[in-house]
Amino acid sequence: MPKLKIEDLEKISDEFKRTMTVREGGGKVKVTVHMGTCGIAAGAREIMNTFVQQIEEKNVKDVILTTSGCAGLCSREPMATVEVLGQAPVKYVDLNSEKAKKIFEEHVLKGVLVKDYALSIGSERIQ
Amino acid sequence: MKSYRLQLMVCAGTGCVSNHSFEIKDALEKEIAKHKLQTEAEVVTTGCNGFCGAGPLVVVQPDGIFYQMLKVSDIPLLVEEHLLKGRPVKKLMYVPPKEEAPIPKMSNIPFFSDQTLVALRNRGMIDPENINDYIARGGYKALAKVLMSMTPDEVLQEIKKSGLRGRGGGGFPTGIKWETCKRIQSDTKYVICNADEGDPGAFMDRSIIEGDPHSVIEGMMIGAYAIQNICEGYIYVRMEYPLAIKRFNIAIEQAKEYGLLGEKIFDTDFNFDIKVRRGAGAFVCGESTALMTSIEGNPGEPRAKYIHTVEKGLWDKPTCLNNVETWTNVPPIILKGAEWFSSIGTGDVTHDAWGGSKGTKVFSLAGKVNNTGLVEVPMGITLRDIIFNIGGGIRDGKKFKAVQTGGPSGGFIPENLINLPVDYEELTKVGSMMGSGGMVVMDEDNCMVDMAKYFLKFTQEESCGKCIPCREGTKRMLDILENITSGKGKEEDLNLLEELSNVIVESSLCALGGSAPNPVLTTLKYFREEYEAHVKDKKCPARVCKQLLTYTIDEKQCVEVGHGCGVCKKNCPDNAIIGEIKKAHHIDQNKCGKCGVCYDVCRFNAIRVE
Amino acid sequence: MSTTKEKSWSPRIVAFLCNWCTYTGADLAGVSRLKSSPSVRVIRTMCSGRVDPTFVLKAFKLGADGVMIGGCHIGDCHYSEGNFKTLRRVEMLKILLDQYGIDPRRLRLEWISASEGDKYAHTTLDFEQQLRELGPLQLTE
Amino acid sequence: MITVNIDGKDIQVAEETTIVKAAESAGIWIPTMCYSELFEPYGICRLCSVEIIRGKRTRIVTACNYPLRENGLKIRTNSPVIQEIRKVLIELMLSRWPNVPVVKNMAASLGVIEPKFVSLERDEAEDACILCGMCVNICRDVVKANILGFANRGIKREVVLPYEKMNSECIVCGACAYVCPTGHIKIKSLDYERGAVADWYLGPKTAINIPTLQAVPRVPKIDEESCIKTQTGGCGICSTYCEPEAINYEDKDEEVEIEVGQILLATGFQLIDLKQMPQYGYGRLDNVYSSLEFEHMLNSTGPTGGLVKCKDGSEPRAVGIIHCIGSRDENYHKYCSRVCCMYALKFAHLVKDRTKAEVYQFYIDMRAFGKGYEEFYKRLLDEGVNMIRGKVAEIAEVHSGSDGKPYLLVKCEDTLIGKFREIALDMVILCPAIEPQFDAADVKKIFSISQSPDKFFLERHPKLDPISTMTDGVFIAGCAQGPKDIPDSVAQASAAAARMLSLISLGEVALDPVKAEVVDEYCSGCRICNNLCPYGAISFVDDKKISNINEMLCKGCGTCVAACPASAITGKGFTDMQILSEIEGLLSI
């Protein structure tokens, strides 16, 4: 291990930032994939994997990804909720991995709502 | 860099480890692999979470779901429901006393939400055996800051301004200590971290070391930089903390690998190295001079401190010794500034370093409260807040009686002082002290004489025996207390206790003897009537002192409900119970040894105690 | 040889004795009134190392029945290591004597210190007895 | 200098002076029980607690180790608070050690007669350890042996040696016993090992002593084995007290090389180890002494002041003196040690003179050969000494005496009356044989001389030259040459000295002419001789291509002469020609 320089401190903390964001439960955007039995049957795991991949590919640090149970609208699964800090959560329905990718790029990263896939804004919150 | 969707923070503090938290960890990893979730979820072992009474603990992040009192058999359910399906498992969550609904999120549990974390800032967040975790949480940035942009004097002024005072007990202003040590001319100086935490039931320092060893190391380095001419640092850890020793050694090793310890740190002229020394388990070695003689390889006995250790300490060289918690507080002060730190707490330290208590203090909350564990609170918080909010009140709805602060030589604080703000001066005023942060809560079932005896027995046994007042005096006090609790007390004993206590306080060589009588003095002050009950009426109001109790058998209950079962007779070691099967039994008071076995074995509630 | 001649015959022994040990030892034997062999004819050398092999051969040639070399004990040589050289030479001489048809037992090397008068006495007597058993040395030209 | 105020008196003291010393200079008494100027103040008895007043704040400190640093400090040594503290402290001590004089006296001087405490650890002993730590401190700080220490915590604290055993690191300096205020520490008198005569001979000693009162020169010396300074580097007290600064710890035994022309070996003798003869019980039975030990006992500067006493201090009723222990004995030494008969007679005379004891002499032959000796023997016979001619077989200890006192039973055959006898004695003196020194063989080698069969050094000639050796310039005298008494030793030594002086006065030494010489013409330059010479006297002359012998180095052994294949080397006095002629001559008859 080479001797640490001042800059290296930043590098290391940058590298670990995503992990820390998850541990602190913070993050600018929170994506919830609904993974009830219905969701999983409809392909929620694929959606989840897409989001995980996207986070890694784009090297995003401040997005946290979480799961929840059935949202009650089983017919429109797979579903996901995107909640940008300080804004109302948005629910997306009938997702596939293409759609998930687009939602990630547009809404999660840029903050632009993808109206085509959205079900509603401001639904119940997970608590 | 692999990123995980989920982080499972398994508490690996000593409390949880002894409750098999490593088995929980293994079970989690096994289950995760079974569900092929290993790419999504990472299991991390952390230092002590603080809520030791609820261990073993797992916190699932990012949701912040707090699972408590886990068993290995709970794990498959937890993994399948929460990790796979995203449904947090209610039955494994924390339920506040007297309530039914669980609180899923850690941040909403009062035990956690009412705390302010400075010393414990990284608790439950990092893997203590991984330096990268510490750095990712801003670690060693304070060191970089002082080395790059601050002169030693600036660092010193910052610490002085912050109002930080020693967290080990005495509350000596840290800045002044550093300044004095810096002023003494010497080519060789030492810094020492006192991690010989010996108070029974107190484990603040252990928790910090086990959970965040690098913060201590960083604090020591900043101190060494400020004081200058420091050739080495020592960390004195008691042998009973093997995990702490291990984590310190790992941390030092990793810091050396990164070049954070050693020569030319960050390519500056600053050199520093740290050695770990293990204490052999003598309580008195927590005293600074005894600790230093112990490091030197001599029997750990204190010496007079008329010449301070900052002038002549380890190997007669100027030595700056601070407690673990004190050192840990240093990096945040540097990073966030003295103003931030002094905004927390009481009083004003701008002119008088002794004028206030700043920052936070970690307490280990124990005794008859619902939530026991480690709490960090801002100075000036009331005892009521700590005991009733964070601690969740008295167990089983009993009545609060007193709280003892400051370890075995601290004093007892009665109920009428419950609104006392917790800071150095206020605690001293009522006859107790901050100490290293022990806090033992007592309810109506505790006998104050017995409690005072318990703590005095501890200090008496741990007295090194060097000076007469502590060696002989505490033993005489204990003898008197033994007499009182066994019904042989005389009225004049109370005055004798007071006289002896005062002499011991005034004339002992070190703080151990000087504070040993505190439990007795404060109980005499606030609970004198209990002593008098023991001495005059030969009664123990809390029914604790067995020698003062009378065991009788309720004959009616014995015959009618228990049909004279004779179990008590069979078990009585003194053969004091007379009676035949199916007939009423009774106790021969002359023979009764007051052991209480009959009370414990009687299934029909027929034994009466008075 | 007739029996009478046998009786009257006594061997002739030439002894080279080192000045510091054996010669003094012989002197001590005399002073101590010890009986030693009268057949010994002593030649004093400063060191047993002075004994040239030719002296031994010459002695046999001139009619000696036995030759004895006496020196200091190994390690006690007055000249530190002269007797080591003697030791080597005697080994060599014994092989040579055998080739000449002379019984090597007729040559003796003995370490006798200055204080060992008795050893000198009984060694010479013993040597004389041995030579008696071997009989006179008969060399053909 | 700073000014402090003690009990109202202004006192000027140097900075860093302790309060105890400052008070002492003002004539104010402060009680102490663990304080000594010899070491760093320990500060554990706390009796010296005093109040110091700084502005409005009053603090209690211990006077023994509080350094005065600030001007105008007020000190109260006897305020009511202080009196109360001292009283309680001494009561605590008195309740535990009620009978120790120093505690009792201190209590009395502080006005305490009876303690109000009851100690469960009460120790009635008058010499109980009061844990003042003086012994531990002196051992660590002054002696620097650091052998004593405290063990256990709290009330169980005690002073111990490592592992609570007598430890070899302890140099038995006695400092701890010296400072112990209660007499708790006692130095166990170490029974002398009687085999080690020298130690016993010098008796119990301090680190600085005059070896014996008759020592020459009669000056004190430091005994390295018991001096604390040389053992541990501590102490050094003597040098601070020696005004002429005559003490030099650095002085050490050293080897000095001196070039001399002649040497007289007078290395003396040793006595036979009596322990190899268990039948006499030496070292096992009390009151069996060697003659040297007895001689020491008779000496007025000896352990008994010249009185003849048994081990238990009583006067012996009967004393036996046994001759020829190891001398005239086929198992040990065949020779006679020559001196025993006469000193044994002297012993008998002195025992008769100083006690009422019966004296028995067990002898083989009485050898009173010197001038006046026979007369002395006759006188002894008249004094009534019992002479028993016979060798003692065994000495046994018997416990069945009428007074219960054990006695020694000596069994021997009296050859004069032809009877086996058993004689009861209280004390037996053995006359051990004189032996050559144990390292005589090493000395012999160094000087290239010889030993006789009895291992004494061998003289050049037993009759004609009993003082010189085979090596020129090396002479012998005294018992190194053989057992002899004082007049004989003096005579031999004087003769040797005279011989040496005569050589010195001559100014030159005649060398033996026996040398080897190379005849240049014959030398073929083979160099065989070069390596033979033990003295390196032969060198090769490069330009002539022949060997050359340095006459000064050559000792004339002739080894090279015998080895030269060309017969080019001749030995003066022992030429080939000469020796061959000798052979011819010898064999011509």
Take the residues in the range D:259-307 that are among the aromatic types (Phe, Trp, Tyr) and out of contact with any Lys or Arg (no Cβ under 7 Å at 6 or more places or on another chain); name whichever of them is nearest to D:VAL509 (Cα to Cα). D:PHE269
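Does the range B:316-336 contain at least one residue that is of a type in the set (A, V, I, L, M), under 30 Å from B:VAL449 (Cβ atoms) and surrounded by fewer than 23 Cβ atoms within 10 Å (Cβ to Cβ)?
no
Just checking, which of B:GLN61, B:GLN68 is of a type outside the set (Val, Ile, Thr) and either touching a Cys at 6+ places or on another chain (Cβ under 6 Å) or more than 14 Å from every other protein chain (Cβ to nearest Cβ) (or both)? Don't jump to the end; show me each part of the working.
Numbers: B:GLN61 fails: either touching a Cys at 6+ places or on another chain (Cβ under 6 Å) or more than 14 Å from every other protein chain (Cβ to nearest Cβ) (or both).
Result: B:GLN68 is the single residue among B:GLN61, B:GLN68 that is of a type outside the set (Val, Ile, Thr) and either touching a Cys at 6+ places or on another chain (Cβ under 6 Å) or more than 14 Å from every other protein chain (Cβ to nearest Cβ) (or both).
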Condition set among the polar types (S, T, N, Q) and not in a loop (DSSP other than H, G, I, E, B), scope the range D:108-165, selection surrounded by the most Cβ atoms within 10 Å (Cβ to Cβ): answer is D:ASN137
Restricting to the range D:554-573, name every residue that is facing chain C (nearest Cβ under 10 Å), under 20 Å from C:VAL90 (Cα atoms) and assigned to a loop (DSSP other than H, G, I, E, B). D:CYS557, D:GLY558, D:CYS564, D:SER567
Where in the range B:454-569 are the helices (runs of 4 or more DSSP H), entirely inside, with at least 1 residues that are in contact (Cβ under 8 Å) with a residue 60 or more places away in the chain? B:474-485, B:511-515, B:518-526, B:528-532
Which residues, taken from the range D:444-484, are within 25 Å of D:GLY556 (Cα to Cα), touching a Phe, Trp or Tyr at 6+ places or on another chain (Cβ under 8 Å), of a type in the set (A, V, I, L, M) and more than 8 Å from chain C (Cβ to nearest Cβ)? D:ILE449, D:ILE467, D:VAL474, D:ILE476
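This table checks each residue for (1) in the same structural domain as B:TYR225 (by TED's automatic domain parsing); (2) of a type in the set (Ser, Thr, Tyr); (3) at pLDDT below 85.
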{"residue": "B:LEU261", "(1), (2), (3)": "yes, no, no"}
{"residue": "B:ASP273", "(1), (2), (3)": "yes, no, no"}
{"residue": "B:VAL284", "(1), (2), (3)": "yes, no, no"}
{"residue": "B:THR289", "(1), (2), (3)": "yes, yes, no"}
{"residue": "B:ARG303", "(1), (2), (3)": "yes, no, no"}
{"residue": "B:LYS312", "(1), (2), (3)": "yes, no, no"}
{"residue": "B:TRP327", "(1), (2), (3)": "yes, no, no"}
{"residue": "B:GLY337", "(1), (2), (3)": "yes, no, no"}
{"residue": "B:SER364", "(1), (2), (3)": "no, yes, no"}
Quick check on the range B:337-374: of everything there that is of a type in the set (S, T, N, Q) and part of a helix (DSSP H, G or I), which residue is surrounded by the fewest Cβ atoms within 10 Å (Cβ to Cβ)? B:SER343
Test: residue in the range D:120-140 that is more than 30 Å from B:PHE458 (Cα to Cα) and either over 38 Å from the mean Cα position of the chain (by Cα) or within 14 Å of another protein chain (Cβ to nearest Cβ) (or both): yes
Quick check on the range B:414-428: of everything there that is touching a strand residue (DSSP E or B) at 6+ places or on another chain (Cβ under 6 Å) and more than 17 Å from B:GLY171 (Cβ to Cβ), which residue is surrounded by the most Cβ atoms within 10 Å (Cβ to Cβ)? B:PRO414
Here are the criteria: (1) of a type outside the set (Gly, Ala, Ser); (2) in contact (Cβ under 8 Å) with a residue 40 or more places away in the chain; (3) within 24 Å of D:SER300 (Cβ to Cβ). Tell me which single one D:PHE376 does not satisfy. (2)
Taking only pairs six or more apart or across chains, which ones have beta-carbon atoms under 6 Å, a first residue in the range D:111-133 that is of a type in the set (Ser, Thr, Tyr), and a second residue that is not in a loop (DSSP other than H, G, I, E, B)? D:SER119/D:SER95; D:SER119/D:ARG96
Look through C:ALA64, C:ALA29 and report the one residue that is touching a residue at least 60 places away in the same chain (Cβ under 8 Å) and in a helix (DSSP H, G or I). C:ALA29
From the option list D:SER502, D:SER539, D:SER524, single residue qualifying as over 21 Å from D:ASP576 (Cβ atoms), surrounded by 13 or more Cβ atoms within 10 Å (Cβ to Cβ) and among the small types (Gly, Ala, Ser) is D:SER539
Residues in the range D:417-439: is at least one within 29 Å of the chain's Cα centre (by Cα), within 14 Å of another protein chain (Cβ to nearest Cβ) and closer than 30 Å to D:GLY556 by Cβ? no
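So that you can scan it fast, the table gives a plain yes or no per residue for (1) facing another protein chain (nearest Cβ under 10 Å); (2) under 17 Å from D:ALA563 (Cα atoms):
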site	(1), (2)
C:PRO11	no, no
C:ALA15	yes, no
C:CYS21	yes, no
C:THR24	yes, no
C:VAL42	yes, no
C:GLY75	yes, no
C:GLY82	yes, yes
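Is there a residue being more than 14 Å from chain A (Cβ to nearest Cβ), under 22 Å from B:ILE32 (Cβ atoms) and more than 23 Å from the chain's Cα centre (by Cα) anywhere in the range B:77-87? Walk me through how you get there before you give the answer.
Filtering the range B:77-87 down to residues more than 14 Å from chain A (Cβ to nearest Cβ) leaves B:77.
From what's left, under 22 Å from B:ILE32 (Cβ atoms): B:77.
Imposing the further condition that a residue be more than 23 Å from the chain's Cα centre (by Cα) reduces the set to B:77.
Yes, there is a match, as at least one residue in the range B:77-87 is more than 14 Å from chain A (Cβ to nearest Cβ), under 22 Å from B:ILE32 (Cβ atoms) and more than 23 Å from the chain's Cα centre (by Cα).
Yes/no matrix, rows are residues, columns are (1) touching a strand residue (DSSP E or B) at 6+ places or on another chain (Cβ under 7 Å); (2) part of a helix (DSSP H, G or I):
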| position | (1), (2) |
| --- | --- |
| A:VAL22 | yes, yes |
| A:VAL33 | yes, no |
| A:ARG45 | no, yes |
| A:THR50 | no, yes |
| A:GLU56 | no, yes |
| A:LYS61 | no, no |
| A:THR67 | yes, no |
| A:LYS91 | yes, no |
Go through B:SER507, B:SER486, B:SER501 for me and flag whichever is more than 11 Å from chain D (Cβ to nearest Cβ) and out of contact with any Gly (no Cβ under 6 Å at 6 or more places or on another chain). B:SER486
Unmet requirement for A:ASN49, which otherwise passes all of (1) out of contact with any helix residue (DSSP H, G or I) (no Cβ under 7 Å at 6 or more places or on another chain); (2) surrounded by 19 or more Cβ atoms within 10 Å (Cβ to Cβ); (3) within 20 Å of B:GLY86 (Cβ to Cβ): (2)
Condition first: at the interface with another protein chain (Cβ under 7 Å from one of its Cβ atoms) and assigned to a loop (DSSP other than H, G, I, E, B). Can you find one or more residues in the range A:71-79 that meet it? no
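For the condition among the polar types (S, T, N, Q) and under 21 Å from B:MET9 (Cα atoms), what is the one hit in A:SER68, A:SER120?
The match here is A:SER68.
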Only one of (1) surrounded by fewer than 24 Cβ atoms within 10 Å (Cβ to Cβ); (2) in a helix (DSSP H, G or I); (3) more than 8 Å from chain D (Cβ to nearest Cβ) fails for C:LYS58. Which number is that? (3)
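Kindly evaluate B:GLN7 against the criterion of being crowded, with 16+ Cβ neighbours inside 10 Å, in contact with a Gly (Cβ under 8 Å, 6 or more places away or on another chain) and farther than 21 Å from A:GLY36 by Cβ. Steps first, please.
On the way: crowded, with 16+ Cβ neighbours inside 10 Å: yes; in contact with a Gly (Cβ under 8 Å, 6 or more places away or on another chain): no; farther than 21 Å from A:GLY36 by Cβ: yes.
Against the criterion (crowded, with 16+ Cβ neighbours inside 10 Å, in contact with a Gly (Cβ under 8 Å, 6 or more places away or on another chain) and farther than 21 Å from A:GLY36 by Cβ), B:GLN7 does not qualify.
Suppose we filter D:GLY302, D:GLY236, D:GLY281 for residues that are without any contact (Cβ under 8 Å) to a residue 40 or more places away in the chain and of a type in the set (Gly, Ala, Ser); which single one remains?
Answer to the selection: D:GLY236.
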Being of a type outside the set (Val, Ile, Thr) and closer than 24 Å to D:LYS275 by Cβ: is that true of D:GLU435 here? yes
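The values are calculated or read from the model by the stated rules, or taken from the named source; none is laboratory data. Predicted model, so just to flag it, every value in this text is computed and none were measured. Glycine also receives a Cβ, built like all others from the backbone with ideal geometry; neighbour counts cover every protein chain displayed.
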